[in-house]
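Chemist: Shown below is the structure under consideration.
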Amino acid sequence: MTEFSMDLNDDQKQLQDWVHGFAANVMRPAASEWDEREETPWPIIQEAANIGIYSPDFIFSTFGDPTGLSMVVALEELAWGDAGLCMAIVGTSLAVAGIAANGTPEQAMEWIPQCYGTPDNLKLAAFGVSEPDAGSDVSALRTRAIYDAATDEWVLNGTKTWISNGGIANLHVIVASVDPELKGRGQASFIIPEGTKGIRQGQKFKKMGIRASHTAEVILEDCRIPGSCLLGGKEKLDERLARVREGKKSSGQAAMATFEATRPSVGAQAIGIARAAYEYSLDYAKERKQFGRAIIENQAIAFKLANMKTNIDASRLLVWRAAWMAATKKPFLNGEGSMSKLFAGETAVRVTEDAIQILGGYGYVRDYPVERWHRDSKIYTIFEGTSEIQQLVIARAISGIRIE
Ligand SMILES: Cc1cc2nc3c(=O)[nH]c(=O)nc-3n(C[C@H](O)[C@H](O)[C@H](O)COP(=O)(O)OP(=O)(O)OC[C@H]3O[C@@H](n4cnc5c(N)ncnc54)[C@H](O)[C@@H]3O)c2cc1C
C-alpha cells in the first residue's frame, strides 16, 4: 500500500519542467503577435512537433500515466505560456479524445497518429459536435449520417459550428445522428479522412480571446466515407441502437463520452491562465508604488492576491482529483469532472479580472499581457460545456433528480 502523497513523482516533475521551458521560451515571446494575427501559428506548432510536444507519443505517454496527473500538469504549463497558442497545439487532441473514447483499439492505432502527422509533414485534427441550433443541447444535432449498404459507405450532411481547427484540419471527427428519433442515443462519431470530398470550411470566426486558435464552421454536403470510418464499428452501433429501441440502458452519447474525459484537461488550461495573471500581478503589486508605498501594502490589494492564490490552488486540487479519478476509473458520482472545469473556468475569469484591477490602467492596455489573459479566460466558462451545464451535471449527480 503506497502512502498518500500530493507530490508529483520524478517523471511528472521532469515533464512539468520541460513543458514549462517550452511555454516560457517559445510561447510567451510569441503570444501577443499571434493574438493580433488571429491565424493558426504554424511555426509554434512546428516547434512543438520538433521537440515532441505535438505528437502522438506525447498524448500516449501523458494519457498513459496511471495517476492521471501528467496530462493536466502539462496543460497547465502550456496555457501558462499562452492559452491561444495552447489551444492551437492541443486542438487536435479533442479529435484524439473522440477517437479514444468511441473507437476500437485498432481504429485508435490507425487514426491517432494521422491526427498529428510527423514533424516533416504536420497534420491537424478537429472534433465537430456543436451546431448552430445544438450547442449545450447536444441531443438536438441535425447532422445526419445515412448508411449506404450498396457501397458500404456513410453519407454525412449538415453544418457544424465553432469547430477548433474546423475546415483547416486534415482529419475531422464528426458526431452525427444516425437515428434522429433516438436523439442523443441515436448518435455516432465518424472519421472524415484527409482528402474526402464534401467537407469544407464555412465562416471563420473573429473571437474575443484564444485568437491564435482557428475556430470555424464545417459544412458537410453528401460527404461519403468508408464504412470503416464509423468509430466503434457498425455491429456495435446496431447492437447499441437495438438496445435503446427496446428501452434498455445503453452506454450513452458519443459526444458526452468525449467531454467527460476532457473536462479536467480543460480545467487545467484555465488554471494556467489564472496562474500567469496571478504571478504577474503579485510581482507588479510589490513594485508599483502609490502614496509612497508598494500597492501590495494595502490590504485591498494583498487580500485580492490572497484570494486569487487560494482559488487557483483549490482549482488545481479539483482538477487533479478529477484527472486521478478518470485515470483510475472511479466514476464521477458527484459530477467531479464538471466540478473541476466549472471551478477552474470561473476562477480564471475572476483572477484575470482582479489582475487587471491590480494593474490599474496598465492592466487595460495591450502593452501588458493581462488584458489578453482576461479575454482568453472567458472561453473556459463556455466551451466543452458552459458553467451552467456543468452545474446541471453536478446538480443531477448529487440529487439523482432530473433538474431542468
Ligand atoms: C472558441 C470556441 C471553440 C469551440 N470549439 C469547439 C470544438 O472544437 N468542437 C465543438 O464541437 N464545439 C466547440 N465549441 C462550441 C462550444 O462547445 C459551445 O459554444 C458551447 O457548448 C455552448 O453552446 P452554444 O454556444 O450554442 O450556447 P447555448 O447552448 O445556446 O447556451 C447559451 C446560454 O444558455 C445557457 N443554457 C443552455 N441550456 C441551459 C440549461 N439547460 N440550463 C441552464 N442554462 C442553459 C448556457 O449555459 C449559456 O449561458 C467551441 C466554442 C467556441 C466559442
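Chemist: Of the conditions (1) within 14 Å of the ligand (Cβ to nearest atom); (2) of a type outside the set (Lys, Arg); (3) under 20 Å from the mean Cα position of the chain (by Cα), residue 403 satisfies every one except a single condition; which number is it?
Modeler: Tallying (1) within 14 Å of the ligand (Cβ to nearest atom); (2) of a type outside the set (Lys, Arg); (3) under 20 Å from the mean Cα position of the chain (by Cα), residue 403 fails exactly one: (3).
Residue by residue, here is whether (1) surrounded by 14 or more Cβ atoms within 10 Å (Cβ to Cβ); (2) charged (D, E, K, R); (3) within 12 Å of the ligand (Cβ to nearest atom); (4) not assigned by TED's automatic domain parsing to the domain that holds residue 354 holds:
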site: 367; (1), (2), (3), (4): no, yes, no, no
site: 372; (1), (2), (3), (4): yes, yes, no, no
site: 383; (1), (2), (3), (4): yes, no, yes, no
site: 387; (1), (2), (3), (4): yes, no, yes, no
site: 391; (1), (2), (3), (4): yes, no, yes, no
site: 394; (1), (2), (3), (4): yes, no, no, no
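Chemist: Among the residues of segment 171-187, what is the count of those that are away from the ligand (no atom under 13 Å from the Cβ) and either of a type in the set (S, T, N, Q) or without any contact (Cβ under 8 Å) to a residue 60 or more places away in the chain (or both)?
Modeler: Residues meeting the conditions: 5.
Chemist: Against the condition surrounded by 15 or more Cβ atoms within 10 Å (Cβ to Cβ) and of a type in the set (Gly, Ala, Ser), how does residue 24 come out, does it pass?
Modeler: No.
Chemist: Among the residues of segment 188-200, are any at positive phi, part of a strand (DSSP E or B) and more than 12 Å from the ligand (Cβ to nearest atom)?
Modeler: Looking for residues that are at positive phi, part of a strand (DSSP E or B) and more than 12 Å from the ligand (Cβ to nearest atom), one finds none in segment 188-200, hence no.
Chemist: Quick check on this structure: which one of 95, 101, 108 is surrounded by fewer than 23 Cβ atoms within 10 Å (Cβ to Cβ) and out of contact with any Ser or Thr (no Cβ under 8 Å at 6 or more places or on another chain)?
Modeler: Within the list 95, 101, 108, the selection yields 108.
Residues checked against (1) touching a residue at least 24 places away in the same chain (Cβ under 8 Å); (2) of a type in the set (D, E, K, R):
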{"residue": "336", "(1), (2)": "no, yes"}
{"residue": "349", "(1), (2)": "yes, no"}
{"residue": "355", "(1), (2)": "yes, no"}
{"residue": "369", "(1), (2)": "yes, no"}
{"residue": "381", "(1), (2)": "yes, no"}
{"residue": "386", "(1), (2)": "yes, no"}
{"residue": "392", "(1), (2)": "no, no"}
{"residue": "400", "(1), (2)": "no, no"}
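Chemist: Just to be sure, is residue 15 more than 27 Å from residue 209 (Cβ to Cβ) and surrounded by fewer than 24 Cβ atoms within 10 Å (Cβ to Cβ)?
Modeler: It is false that residue 15 is more than 27 Å from residue 209 (Cβ to Cβ) and surrounded by fewer than 24 Cβ atoms within 10 Å (Cβ to Cβ).
Chemist: Also: Which one of these is closer than 12 Å to residue 264 by Cβ, part of a helix (DSSP H, G or I), under 22 Å from the mean Cα position of the chain (by Cα) and among the polar types (S, T, N, Q): 377, 338?
Modeler: Details: 377 fails: closer than 12 Å to residue 264 by Cβ.
Only one candidate qualifies: 338.
Chemist: Listed residues 202, 232, 209; which is in contact (Cβ under 8 Å) with a residue 40 or more places away in the chain and farther than 27 Å from residue 117 by Cα?
Modeler: On the way: 202 fails: farther than 27 Å from residue 117 by Cα; 232 fails: farther than 27 Å from residue 117 by Cα.
Matching residue, one of 202, 232, 209: 209.
Chemist: Anything in segment 165-177 that is surrounded by fewer than 22 Cβ atoms within 10 Å (Cβ to Cβ) and either over 22 Å from the mean Cα position of the chain (by Cα) or polar (S, T, N, Q) (or both)? List them, or say none.
Modeler: Passing the criteria: only 170.
Chemist: Quick one: which helices (runs of 4 or more DSSP H) sit completely within segment 1-68 and have at least 3 residues that are touching a residue at least 60 places away in the same chain (Cβ under 8 Å)?
Modeler: 10-22, 28-37, 42-51
The values are calculated or read from the model by the stated rules, or taken from the named source; none is laboratory data. Quick caveat, the model's predicted, so the values are computed rather than measured. Please note: Cβ atoms are built from the backbone with ideal geometry, for glycine as well, and neighbour counts cover all protein chains shown.
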